[in-house]
Amino acid sequence: MTDSSSGNEKVPSRQRQRFPDISSRAYEHPADRSALVALRKLSGFDTVFKALSGLLPERSLRLLFLSDSVRVSDAQFAHLNDMLRDACYILDLTKVPPMYVTQDPKPNAMCIGLDEPIIVVTTGLVELLDEEEMRAVIGHEVGHALSGHAVYRTILLFLTNLALKVAWIPLGNVAIMAIVTALREWFRKSELSADRAGLLVGQDIQASMRGLMKIAGGNHLHEMNVDAFLEQAEEYEAGGDLRDSVLKILNLLPRSHPFTTVRAAELKKWAESRDYQRIMDGHYPRRAEDKDTSVTDSIRESAAHYADSVRTSKDPLMKLVGDIAGGAGDLGGRLRDKFTGAGGAGGSQPSEEGGKG
């Protein structure tokens, strides 16, 4: 990557694997892609999207951060600026997005903007994380930028505020909240993709885990343990009964991010997968190939992921869904055999071997 202001190539502060021309498809979670497909199919979303794309005050948003936050540069928060350039170099993002630090004690970061992405991090986050943990977070936000998530995130923020303002209008809030709910579902899944991008940038799974633990429990690492933290995710998924499964869904619906323990478990699983190792070995989809990508294949991959998630989930509700689906599949096979005569001639009862077919 070349810094346009100086013409000098910027390289990471320590040696890390770089991914020239990497496509966001390399790290995008299948659930992210399928949720985005579902979002785009939502009735009225295209109309709202086109309308807001022209109405949202993009310039006002940029001026707001320029006037009331600190822009990261060689002169201000230089260490964050180095990390930002490193992240863009590693993921081969040719144009470095502007990044701002804004005063807010709550640890948070976001990538927003319609025409061009802006990255914003809070002072609470800067003060909470060490260098390697922060590097993963900045990589996470650069991953959002590379995936084109900033546009939908901006619309989600706008619609969430709008929903509060029109809540008193009969039925006015219902239509907006339907889109907000769908946007939140997609954004939660997009966070899993961005976590993977953060790992590709930092290339330090322990730093990624520490960062997530700190976001959950504050700056008390001496009191926390990664293995115990991941056990919480296991207990959360498997514990309780059907009532707890419903409560999990209700707890999740208002959130824009997945639960932190779940993010940690998902990221660790991906870090140990063959997919991650192949990327690190230089085998990954290129942006030059994006135009030839089959939408059908992406949907099929997403559907397979969901089916596998249901099959392997320990959540009581997901187990019930899997059992029902399995039973329905078995029933469908038996009905097919009955009406096609596959199990025996002349409409007789199918044999035991035919029943298994």
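The values are calculated or read from the model by the stated rules, or taken from the named source; none is laboratory data. If you're wondering where the values come from, they're calculated on a predicted model, not measured in any experiment. Note that each Cβ is placed from the backbone with ideal geometry, even for glycine, and that neighbours are counted across all protein chains shown. Accessible surface areas use protein heavy atoms only, side chains included; no ligands, DNA or RNA. Shrake-Rupley method; radii C 1.70, N 1.55, O 1.52, S 1.80 Å.
A few notes on this one:
- Local net charge near Gln76, Cβ-Cβ under 15 Å (Lys/Arg +1, Asp/Glu -1): -1
- Protein-only accessible surface at a 1.4 angstrom probe places the residues Val96, Val226 in the order Val96, Val226, largest first.
- The local environment of Ala264, defined by Cβ-Cβ distances under 15 Å, has a net charge of -4 under the rule Lys, Arg +1 and Asp, Glu -1.
- Charge tally around Arg153: other residues with Cβ under 11 Å, Lys/Arg +1 each, Asp/Glu -1 each, net -1.
- Residues with amide H under 5 Å from that of Ile118, placed H, sequence gap 5 or more: Ile112, Gly113
- Taking amide H atoms as placed 1.01 Å from N in the peptide plane, the amide H of Arg286 lies under 5 Å from those of Ser23, each 5 or more residues away in sequence or on another chain.
- His140, His283, ranked by accessible area, largest first (probe 1.4 Å): His283, His140
- Sequence-ordered 3J(HN,Hα) estimates for the stretch 219-227 from the Karplus curve with 6.51, -1.76 and 1.60 and θ = phi - 60° stand at 7, 9, 4, 5, 9, 10, 9, 4, 4 Hz, glycine and proline given as x.
- Taking all protein chains together, Ser190, Ser69 sort by accessible area into Ser69, Ser190, largest first [probe 1.4 Å].
- Of Lys268/Lys291; Lys95/Lys214; Lys41/Lys189; Lys269/Lys291; Lys41/Lys95; Lys106/Lys269, pairs whose Cα-Cα distance is over 25 Å: Lys268/Lys291; Lys95/Lys214; Lys269/Lys291; Lys41/Lys95; Lys106/Lys269
- In the assembled protein chains, Phe158 presents an accessible area of approximately 80 Å² (probe radius 1.4 Å).
- Residue-by-residue Karplus 3J(HN,Hα) for the stretch 151-160, coefficients 6.51, -1.76, 1.60, Hz, glycine and proline x: 4, 5, 5, 5, 5, 4, 4, 5, 5, 4
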